Amino acid sequence: MSPFRFLLLFALLAVADTARAASAGDEIEFAAVVVLPGKTSVRLVQKATGNAAWIPIGQSFEGYVVSAFEPKEETVVLVKEGVTARVRLNSSKVQTGKALDPAVVEQQKKALLNNLRMLGAAADQYFLENGTNHATYADLVGPTLYVKAIVPVDGEDYTQMQFHQGVAITVTTPSGISISYSQ
């Protein structure tokens, strides 16, 4: 391959990588961030589907790995297929977190426990009816299933939960509240 063709091929690949990096901002919206001691999570939204989730740094969302949050630039660094993209926070409404009022925390804990109780009861019924000792969130929650919907209290995500007979279920919110429920 001649040096000219090599340079042309390299330039075309660089343009393609730049276009893919730019498309991350077209596909993914960076909606919010929670920075806690030892843990940072970002709220990402897939624009086409509206799918949204709180994603800790180092985890994946819609094929992108969240590699970093850059607070000064208010950007999240996403990597997909070796291409790095920076997506700016949707709106510049960054606020410093404040300690939660203990009364609010107690209300949230009660609501979280209620969600876990509903899921636990649904899991028990599922185990009984299906002769099994394990279930997933998708087995239990939906318009025609045991629980119609679970409403998050503080941005927590239940969708990846696994339920095993005799094993406590636990949920942790992005603000650090953790609740467990045992039947």
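What follows draws every value from the coordinates through simple rules; no lab data is involved. A quick note: this is a predicted structure, and the numbers were derived from the prediction, not measured. Here the Cβ is made from the backbone with ideal geometry for all residues, glycine too, and neighbour counts use every protein chain on show.
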Linear extension gain, Thr172 paired with Asp124, 0.36 nm per residue minus alpha-carbon span: 15.1 nm
Go ahead and run the numbers for FRET between Thr49 and Glu106, Cβ-Cβ distance against an R0 of 35 Å, rounding to 0.05. 0.50
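With charges set only on the Cβ (+1 for Lys and Arg, -1 for Asp and Glu), what does the dipole of the stretch 102-181 come to about its Cα centre, in debye to the nearest 20? Working shown, then result.
Numbers: 4 positive and 7 negative charges, 31 e Å.
Using Cβ point charges on Lys, Arg, Asp and Glu, the stretch 102-181 gives about 160 debye.
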In this structure, among Lys110/Lys148; Lys47/Lys72; Lys72/Lys110, pairs with alpha-carbon gaps over 27 Å are Lys72/Lys110
Per-residue Cβ neighbour rank within 10 angstrom, fewest leading, Val42, Val151: Val151, Val42
Nearest-0.05 FRET efficiency for Gln183 and Arg86 at R0 = 41 Å, using Cβ-Cβ distance, is 0.35
